[in-house]
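Novice: Quick one: structure below, then a few questions.
Nothing in this text is a laboratory measurement; each read-out follows from the coordinates by a stated rule. Everything numeric here is computed off the predicted structure, so don't read it as measured data. So basically every Cβ, Gly included, is an ideal-geometry build from the backbone, and we count neighbours across all protein chains shown.
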Amino acid sequence: MPEDNPCVSCGACCVTYRVSFYWAEAEALGLPEHLVEQLNPFYACMAGTNAAKPRCQALDGEIGSSVGCSVYAQRPAACHEVQAGDEKCNRARQRHGLPPLPTLTANSEA
Ligand code: SF4
Ligand code: SF4
């Protein structure tokens, strides 16, 4: 993850949403069993995210300060879908008292 990536000092989405995926995705990605919670015969989620106050158990560090994903290379598609500056990102940041990020576009040079 590049050092100028705002995610390294955030982590809000990892403590806001349930990160669910088709069960077979966990096996295909090689996610450790203890980090996966089965929801039903078809779906699973990252452990810790199916809670009233979610916190993905793969997340290290302190929200809004310094964080890292211990399974970054294997993280499920749902994690890739949240992009810094998109609506889901800024909703999560707001929930954790962090200022919104400017919306990033494909043409952005910032
Ligand atoms: S909420 Fe946004 S900035 Fe924070 S970690 Fe998620 S995608 Fe990155
Ligand atoms: S797997 Fe990594 S990127 Fe996805 S929610 Fe957990 S800590 Fe965040």
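Novice: Would you be able to tell me the number of residues in the range 1-40 that are in a loop (DSSP other than H, G, I, E, B), in contact with a His (Cβ under 9 Å, 6 or more places away or on another chain) and among the small types (Gly, Ala, Ser)?
Specialist: Count: 1.
Novice: Next question. How many residues does the range 41-56 contain that are within 16 Å of ligand 1 (Cβ to nearest atom) and in contact with a Leu (Cβ under 7 Å, 6 or more places away or on another chain)?
Specialist: 1
Novice: Only residues in the range 19-36 that are more than 12 Å from ligand 2 (Cβ to nearest atom) count as the first member; pair them with residues that are aromatic (Phe, Trp, Tyr) and outside any strand (DSSP E or B), Cβ under 8 angstrom, at least 6 apart or cross-chain, and list the lot.
Specialist: If the second residue must be aromatic (Phe, Trp, Tyr) and outside any strand (DSSP E or B), the pairs left are Tyr22/Phe42; Trp23/Phe42.
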